[in-house]
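The values are calculated or read from the model by the stated rules, or taken from the named source; none is laboratory data. Predicted model, so just to flag it, every value in this text is computed and none were measured. Glycine also receives a Cβ, built like all others from the backbone with ideal geometry; neighbour counts cover every protein chain displayed. Protein only, heavy atoms only, side chains kept; ligands, DNA and RNA dropped before computing areas. Shrake-Rupley method; radii C 1.70, N 1.55, O 1.52, S 1.80 Å.
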Amino acid sequence: MQLHEIRTNGLGTTWELDIYTDALPTHITTDIDKLITDFEHKYTRFNSQSYLQQLTHKPQTVTLDEQTITLLNLYHSLYQHTDGHLTPLIAHTLIQAGYDAQYTLTPQAHLTPPPQWEDVFIYAPPQLTIKTPAALDFGAIGKGYLIDQLSSYLISQQLTT
């Protein structure tokens with residue numbers, strides 16, 4: 001059994017995976033890169049063309065895919081259990097604090113709290129109605145969720161040990 005090290009970038013960080021197996025098929029590294037890249041392109045708030053940004057930029061009702069339902073279910077539960085303190089609606093406040101697409105890191109003089117879930121969404125999975133445009137940030141759970149997805153993928157590959 002030997003160590004196979006995979007290093008890649010995504011979601012603003014370096015991902016390091018150490019896999020112990022007899023042989024690592026070449027597609028594994030490509031697949032891991034694709035999983036990370038696809039997740040980032042879909043859910044980043046730093047790209048106005050991402051699914052997440054397109055989803056919430058105007059009032060509308062949309063049918064969500066399974067992955068987005070999973071993420072919003074978790075956020076909704078955490079939102080309720082923390083009396084609104086853990087929320088994907090934190091993005092506007094983060095931008096005001098300087099954590100914006102340009103990483104200015106220069107906070108505005110006054111930060112506004114995030115809006116209330118109920119003021120922005122009607123959430124009845126698989127439907128999501130956006131009542132008012134809002135900026136979302138999935139950073140609080142996104143990386144952990146992606147780690148679970150990568151782990152499930154690697155387990156599914158039944159690598160020999």
When the chain is fully extended, how far beyond the present Cα-Cα distance does Thr132 get from Ala97, taking 0.36 nm per residue of separation? 10.4 nm
In whole angstrom, the spacing between the Cα centers of the range 100-135 and the range 76-90 equals 12 Å
What number, in percent, do you get for the relative contact order of the range 23-161 if the mean sequence gap of Cα pairs under 8 Å and at least 6 apart is divided by its residue count? 30 percent
Over the range 1-67, with every protein chain in place, what whole percent of the accessible area is carbon and sulfur at 1.4 Å, could you tell me? 48 percent
Computed E for Thr26/Tyr145 - FRET, C-beta separation, R0 25 angstrom, nearest 0.05: 0.40
Ignoring ligands, DNA and RNA, what accessible area per residue does the chain give at 1.4 Å, in Å²? 58 Å²
For the residue pair Thr37 and Ser50, what label-to-label distance in nm results when each label sits 7 Å from Cα along the Cα-to-beta-carbon direction? 1.7 nm
Indicate the gyration tensor shape class of the range 97-157 (rounded, prolate or oblate), computed on the Cα atoms with a ≥ b ≥ c the square roots of the eigenvalues: a/c under 1.5 is rounded; otherwise a/b larger than b/c is prolate and the rest oblate. oblate
Keeping to pairs on different chains or 8 or more places apart, tell me how many lysine pairs in the chain have Cα atoms under 26 Å apart. 6
FRET efficiency for Leu111 and Met1 from the Cβ-Cβ distance with R0 = 45 Å, rounded to 0.05, comes out at 0.30
